[in-house]
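For reference, the structure discussed in these notes is given below.
Any read-out appearing in this document is the output of simple, stated calculations on the displayed coordinates, not a laboratory observation. This is a predicted model, so every value here is computed, not measured. Don't worry about glycine lacking a Cβ; one is built from the backbone with ideal geometry, like all the others, and counts go over all protein chains shown.
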Amino acid sequence: MNESVQKSSILYVYELLQNRIVFSKEDEQQFYKELQGYRGECRFEQLVVEKLQVDYIALYSLLFDKSGRLSQIDCLLIFATKLLLVEVKNFENEYAYFDDQFTSLRTNKVIANPLHQLNRTEILLKEILLSLNIHLPVLPYVAFVNDRFTLYMKPNDKIVLPTQLQGFFSHLNNERATLNATHIALAEKLRALHKTENRFARTPSYEWATLRKGITCVHCRSWMTREYRHMSCTRCKYRESLASAVVRSIVEYATLFPDALITTERIHEWVGEMVSIRTILSTLQMYFHKENSRKNASYRFIT
């Protein structure tokens, strides 16, 4: 019933592009922000799995759009008697929180207050729960999960620092009631309300002609070289079968160019001509649906 953290579509696109174009400074900052956020959520999920010993349902990266207001929930923990709304932050270095402002002591810059974001998300979630006739209390928290983070502040019961995570989960383990069908139905309804596309998502601008072609490693996104029927990463040495690398490259191409045709010639160019047209054609015929019978046929995903 529990979910795992998934990469956002924005982060996936950034990863696909990271060695194919030169990012602007703004793109680099956004990529770093998305990557750090994902790593932080993965870290929190790991803690949930390791530390929680009671009955719960964990939902991650929920995106809701209610009355034109968009809000994302990093983690929602459903317990028998309450809901925990957790905004996960993976900040590093030293910060100060005074006079309702978060300030980086390294750069002296004021950043967006995560408690404000938490409050907006809490309000929207309560509206959704009311529409579903759910009356469980919502307990909101901002959890900082990076051990290299320090925050100077007055005590705040909505903020969980890295040194407080152990006690935070120990307290949650005091829950004694068990989940029932109502909780499971709630999780399913929230999943159904989840939006897969963020209309405010920002990704780098790119064009087919300016993208570097070739096959990149699924793990580190460095370039791969051909070794007979395998591909090998030049950096982390990960090896992948040629067939797997071709299928994955087609999926990545379709992600970056969702409206473009999938043809043997296009994919041949996309993989840097490292794979023969004959191999690409056989892969397309095996794993994809042929759209027409013309010489230059196009293909689509089998649904």
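List 147, 100 from most exposed to least, where exposure is judged by having the fewest other Cβ atoms within 10 Å.
Sorted ascending by nearby Cβ count, the order is 100, 147.
Modelling each spin label as a point 7 Å along the Cα-to-Cβ direction, I'd like the residue 207/residue 19 distance in nm, to one decimal.
2.5
Each label point is 7 Å from the Cα along the Cα-to-Cβ direction; what then is the distance between the points at residue 174 and residue 123, in nm?
In this crude spin-label approximation the distance works out to 3.1 nm.
Label-point separation (nm) for residue 130 and residue 163, each offset 7 Å from Cα along Cα-to-Cβ?
4.0
Compute the angle between helix 277-287 and the longest alpha-carbon principal axis of the chain, please, reported from 0 to 90 degrees and rounded to the nearest 10.
50
Return the calculated 222 nm mean residue ellipticity for the chain, to the nearest 500 deg cm²/dmol, obtained by summing -39500 (n - 2.57) across DSSP H runs with n ≥ 4 and dividing by the residue count.
-11500 deg cm²/dmol
Quick one: Cα centre-to-centre distance for the range 122-137 and the range 140-199, in angstrom?
If you average the Cα positions of each part, the centres end up 16 Å apart.
What is the order of 21, 111, 73, 10, fewest Cβ neighbours within 10 Å to most?
111, 21, 10, 73
If you average 1/r over every pair of different alpha-carbon atoms in the range 213-301 and take one over that average, what Kirkwood value in Å do you get?
13.2
Can you pull out the chymotrypsin sites (Phe, Trp or Tyr not before Pro) in the range 155-235 whose DSSP state is coil and whose Cβ has at most 10 other Cβ atoms within 10 Å?
For chymotrypsin sites (Phe, Trp or Tyr not before Pro) across the range 155-235 that sit outside H, G, I, E and B with at most 10 neighbouring Cβ atoms in 10 Å, the list reads 200, 228.
Around residue 90, under 12 Å between beta carbons, what's the net of Lys plus Arg minus Asp minus Glu among the other residues?
-1
Could you estimate the translational diffusion coefficient of the chain from the Stokes-Einstein equation, with Rh from the Kirkwood formula over C-alpha pairs, at 20 °C and 1.002 mPa s, in whole µm²/s?
97
Report the gain in length on full extension from residue 111 to residue 99: 0.36 nm times residue separation, minus Cα-Cα distance, nm rounded to one decimal.
In short, 3.0 nm is gained.
Checking the table 51/195; 33/237; 195/290; 33/82; 25/195; 51/82 against a 22 Å threshold on Cα-Cα, which pairs fail?
In this structure, 51/195; 33/237; 195/290; 33/82; 25/195 lie more than 22 Å apart at Cα.
Which of the GluC sites (Glu not before Pro) across the range 70-175 are loop residues per DSSP, with 15 or fewer other Cβ within 10 Å?
Sparse-neighbourhood loop GluC sites (Glu not before Pro): 92.
Among 274, 224, what is the fewest-to-most ranking by other Cβ atoms within 10 Å?
In increasing order of surrounding Cβ atoms, one gets 274, 224.
Show the residues, 5+ positions off or on another chain, whose built amide H is closer than 5 Å to the amide H of residue 62.
For residue 62, the qualifying residues are 73.
Give me the net charge for the shell around residue 158: Cβ to Cβ below 11 angstrom, other residues only, Lys and Arg +1, Asp and Glu -1.
Every neighbour counted, the sum reads -3.
With just the Cα atoms of the range 129-234, tell me how far they stretch along each of the three principal axes, in Å, largest first.
58, 38, 32
Report, to the nearest 10°, how far helix 242-256 tilts away from the longest principal axis of the Cα atoms in the chain, using its own Cα long axis and a range of 0 to 90°.
For 242-256 against the chain, the angle is about 70 degrees.
Give the Kirkwood hydrodynamic radius (Å, one decimal) of the range 18-166, defined as one over the mean of 1/r across all pairs of different Cα atoms.
Its Kirkwood hydrodynamic radius stands at 16.8 Å.
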